[in-house]
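Contents: one structure, followed by commentary.
The values are calculated or read from the model by the stated rules, or taken from the named source; none is laboratory data. Keep in mind the model is a prediction, meaning the values are calculated, not measured. No Cβ is skipped: glycine too gets one built from the backbone with ideal geometry, and neighbour counts run over all protein chains shown. Side chains included, ligands, DNA and RNA excluded: accessible areas come from the protein's heavy atoms. Shrake-Rupley method; radii C 1.70, N 1.55, O 1.52, S 1.80 Å.
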Amino acid sequence: MQDEIVARLAGSLSTELVAAEARRAEQAPTPDSMDLYFQGLACFNKGRTPDNVTRARSFFDRALAADPDNVDALIGSARADVAEGVNIVVTDPMAAFAAAEAKLTKALSSVPDHAGGHLWLGLVDILTKRAAEGIAECEHALALDRNLAEAHACIGWGKMFIGHAEDSEAHIAEALLLSPRDTQAYTWMNMAGLAKLHLGCWDQAVAWFRREIEANRNNPPAYLNLAAALAQLGRLDEAHSALKAGLALNPGYVISRIRDAWSARSADPIFLAKLEPIFEGMRKAGLSER
């Protein structure tokens, strides 16, 4: 119980420290590499809109220019690549994942036991048809840092890509129990909602996506996924409104791009078969095919 309390406090403190360090760095007349890193992290924590991710990448890359040995900044830049790929901000998500993998491999060659590096490398594996390897990488990250809540969430998401979406929620619940106020908790809620979409549990998916939006209103996929679930429940007015909100944050969403991106993430027949009802929900909500 004491370990659990310490982990929760650490997660909360991290959020506050990042924000405080970023505010301090803004006032620095000549910001150093770590000043720039914290500013990038603060941008990243605001939500995964294209503008936020672009600004975060700029700070991370400036941090690397100031200190090429700043491994955290290198991992931060890789995180920006992953965010652009997973949210379909770029035209070639697979190229974004490849760029992230190269950076993470470089970071881990310098610091082999960097738990966050293994976590993000695991997520890249999960998103590029290597979910089993990605789950193992996340488990290794947890062996290095048992309080790394996000690793639990990514393991849960990975289960969906190997056709076991029914196992996802328990892992994500573990992440939220470990760090309920984590800056990334809203992304874990999206993972849980996606697992429910794949199971056709539309009501439960709606609950997860609404919870996610309450935690952070700047994550475009939440609205798109919410729209699909609402549409499949026949709640079309609400679905249209959710879709409109999502497109305001990321106007690049169309079904064909989403289909291509999701189909590239797994070859598992169960996973692929579950995609069609989700696309149908997006179509009913009013999302364009192309």
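Data table
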| item | result |
| --- | --- |
| Debye, to nearest 20: dipole size of the chain, +1 on Lys, Arg Cβ, -1 on Asp, Glu Cβ | 940 debye |
| Whole-number accessible area per residue in Å² for the chain, which is evaluated in the context of all protein chains at 1.4 Å | 43 Å² |
| Radius of gyration and maximum dimension Dmax of the chain, Cα, Å | 18.3, 56 |
| Cα pair count fraction exceeding 18 Å, expressed as % - the range 183-251 | 28 percent |
| Label-to-label distance, nm, for residues given as Ala65 and Glu139 (7 Å Cα→Cβ offset) | 4.3 nm |
| Convex hull volume per residue in cubic angstrom - Cα atoms of the range 235-290 | 73 Å³ |
| Computed [θ] at 222 nm, deg cm²/dmol, the chain (DSSP H ≥ 4; -39,500 (n - 2.57); rounded to nearest 500) | -25000 deg cm²/dmol |
| Cα gyration tensor category, rounded, prolate or oblate, for the range 28-81 with a/c compared to 1.5 | oblate |
| Loop chymotrypsin sites (Phe, Trp or Tyr not before Pro), the range 28-112 (other Cβ atoms within 10 Å of the site Cβ: 16 or fewer; DSSP) | none |
| Inter-part distance where the range 106-159 and the range 186-221 are each reduced to a Cα centre, Å | 22 Å |
| Summed side-chain charge close to Ala136 - residues other than Ala136 whose Cβ falls under 12 Å, Lys, Arg +1, Asp, Glu -1 | -3 |
